[in-house]
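In what follows, a structure is listed as structure tokens, so that the remarks can point back to it.
The values are calculated or read from the model by the stated rules, or taken from the named source; none is laboratory data. For clarity, every value in this text was computed on a predicted model and none was experimentally measured. Glycine also receives a Cβ, built like all others from the backbone with ideal geometry; neighbour counts cover every protein chain displayed.
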Amino acid sequence: MPKYEGGCLCGKVRFELNDDPEVAYGCHCRFCQKATGTAFRSGMRYRKENVSINDAELKIYIYTSPEHGRSLNVHFCPSCGTTVTVTTDRFPEAQVMMLGTLDDPSSIKVEMHMFADEGMKWVSFGEGDTVYGKHRLNSDGTPATPLTV
């Protein structure tokens, strides 16, 4: 039995998640702001083996960052346009699922935020949240130092 279920707005894409996310986070980078049309993207990182997506065909938009040259692969429903998942070449074992696509997202807590330096100035963070100015990992893969907020 799956731990969580979800899908796109029109219902053609459905998925099951068989575990809790490794991390649930808000990404405040300009790409995520533009891609979602909101202040930040709420994502949940999973290992690919814990994600099962039905046989609906997803479209893929590949964005290559001018900052670091790595790609973000945005997988979305071709009928309603809902972004369901994002994958990256940097972390091939990982699949980021969009928090808002869960049937019941109420039990997931977003307590980590990345790219706060690019975030909307009116966004505030919760007490005890871990906040990074850029990515939570440095370019060499070592953990970044969180900001003091």
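List of remarks:
- Taking the listed residues Glu57, Glu67, Glu93, the one that is closer than 18 Å to Ala144 by Cβ and among the charged types (D, E, K, R) is Glu67, with no other qualifying.
- Matching residues in segment 48-94 - criterion: being over 14 Å from the mean Cα position of the chain (by Cα), under 23 Å from Gly7 (Cβ atoms) and of a type in the set (D, E, K, R): Glu49, Asp55, Glu57, Lys59
- Of the residues in segment 105-128, at least one is surrounded by fewer than 18 Cβ atoms within 10 Å (Cβ to Cβ) and within 16 Å of Cys8 (Cβ to Cβ).
- Unmet criterion (only one of (1) of a type outside the set (Ser, Thr, Tyr); (2) over 26 Å from Gly141 (Cα atoms); (3) part of a strand (DSSP E or B)) for Ile62: (2)
- Residue list for segment 77-93, filter: aliphatic (A, V, I, L, M) and free of Cβ contacts under 8 Å to residues at least 60 places away in the same chain: Val86
- Checklist (1) among the basic types (Lys, Arg); (2) within 26 Å of Gly133 (Cα to Cα); (3) in contact (Cβ under 8 Å) with a residue 40 or more places away in the chain applied to Arg14, failing item: (2)
- Selection of segment 29-41 for residues being surrounded by 20 or more Cβ atoms within 10 Å (Cβ to Cβ) and either in contact with a strand residue (DSSP E or B) (Cβ under 6 Å, 6 or more places away or on another chain) or among the aromatic types (Phe, Trp, Tyr) (or both) yields Cys32, Phe40, Arg41.
- Single residue of Asp140, Asp55 found to be closer than 26 Å to Cys8 by Cα, without any contact (Cβ under 8 Å) to a residue 12 or more places away in the chain and among the acidic types (Asp, Glu): Asp55
- Checking Gly69, Gly81 one by one, the residue that is more than 22 Å from Glu22 (Cβ to Cβ), modelled with pLDDT of 95 or more and surrounded by fewer than 14 Cβ atoms within 10 Å (Cβ to Cβ) is Gly81 and no other.
- Some residue of segment 136-148 being in a strand (DSSP E or B) and either loosely packed, with under 14 Cβ neighbours inside 10 Å or modelled with pLDDT of 95 or more (or both): yes
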